[in-house]
1. Greater than 27 Å separation of Cα atoms is the criterion. Which listed pairs, 11/115; 28/164; 11/45, meet it?
2. Find how much the distance from residue 196 to residue 25 grows on full extension, using 0.36 nm per residue of separation minus their present alpha carbon separation; answer in nm with one decimal.
3. Could you tell me what percent of the accessible area of segment 79-137 is made up of carbon and sulfur, with a 1.4 Å probe and every protein chain present?
4. Which of these, 86, 221, 103, has the largest mean-square fluctuation under a Gaussian network model of the chain (Cα springs below 10 Å)?
5. Please list, or write none, the aspartates and glutamates whose alpha carbon is within less than 18 Å of the alpha carbon of residue 123, excluding same-chain residues fewer than 8 places away.
6. Pop the C-beta distance of residue 58 and residue 189 into the FRET formula with R0 = 35 Å and round what comes out to the nearest 0.05.
7. Can you tell me how much longer the chain between residue 65 and residue 215 gets when fully stretched, taken as 0.36 nm per residue apart minus their C-alpha distance, in nm with one decimal?
8. Decide, for segment 142-251, between rounded, prolate and oblate: order the square roots of the alpha carbon gyration tensor eigenvalues as a ≥ b ≥ c, take rounded if a/c falls under 1.5, and otherwise choose prolate if a/b is larger than b/c, else oblate.
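The values are calculated or read from the model by the stated rules, or taken from the named source; none is laboratory data. These numbers come from a predicted model, not from an experiment. Quick reminder, even Gly has a Cβ in these numbers, built from the backbone with ideal geometry, and neighbours come from all protein chains shown. Heavy atoms of the whole protein, side chains included, go into the accessibility calculation; ligands, DNA and RNA do not. Shrake-Rupley method; radii C 1.70, N 1.55, O 1.52, S 1.80 Å.
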Amino acid sequence: MEDCYKILGVKPNASIAEIRRAYREKVKKYHPDVSGDESTAEHFKKIVRAYEILTDQKSRAIFDSSFSEHFRRRKVKSWDYREWLLSRDDDESRAKLIFFDLLHGREDDAVAEFKRMQTERRKFSLKYWFTRENFMDYGFILSEELHLRGEYFDAFALLEDIIKLEYSFDYFRLFFPEVLAFAKNILHNHIEGTISDELALDTFERALELQLGDAEDAFILRKMGIIYKRLGDEKTARICFDEADRIGVKK
């Protein structure tokens, strides 16, 4: 068996988030459909296999056990970057702390800090402090963590930024359908009823700007109609239902 960590270009103590990001980078480089080079097919298979092993807890444990001597972690005394970030309170440092924790097995800390900053600093935004590519990669991983913890509004807000960036610059490529599917899942199952009606309406209105397709727009409009009707605004509810019908979805 080959060195799975070496194939993906990550360290033996890499977090799942780091492995996922490395996998996406390798796929974008070596997928035969992207590279246009059939000779990359075998290496691409190794990448997929390495990813499958390292993202499965049992398989990774077996692999690590088999190669424990080779992958023994060295303890090197060095400057503690995380402690330095923790000591600072500017937005850039806190943003970098969030993604640092996210990629180093401290997902709970990353989510907690993100929620704290969102609450205490209304203008706080992660995307201002990273390259477009890094924000899109790390932001998607953070949205997954937020989703797991039931923070659906914040998860969708991150995906919204990622989708808009993708439309302006093709980056995710093969993974963009996964991003869209994730956003649609949240809109379908985790917005209405989990946040206030007013906030849900705001979320759905923003979703209409994301070019998700006629079927999705019709679904969103019907959701909005239901909420407006519940709020007693029959006129606006009717406008939403009529617009949903206009683009091809029956009530």
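1. On the way: 11/115 29 Å; 28/164 20 Å; 11/45 20 Å.
Correct reply: 11/115.
2. Details: separation 171, 0.36 × 171 = 61.56 nm, distance 3.80 nm.
Gain on extension, residue 196 to residue 25, equals 57.8 nm.
3. Details: 1570 of 3360 Å².
Accessible surface attributable to carbon and sulfur in segment 79-137 totals 47 percent.
4. Answer for the Gaussian network model of the chain: 86.
5. Partners within reach: 89, 90, 91, 92, 113, 154, 160, 161, 202.
6. Details: r = 29 Å, r/R0 = 0.84.
The computed FRET efficiency comes out at 0.75.
7. Details: separation 150, 0.36 × 150 = 54.00 nm, distance 4.92 nm.
Result for the pair: 49.1 nm of gain on full extension.
8. Working: a/c = 2.47, a/b = 1.47, b/c = 1.68.
Note, shape of segment 142-251 comes out oblate.
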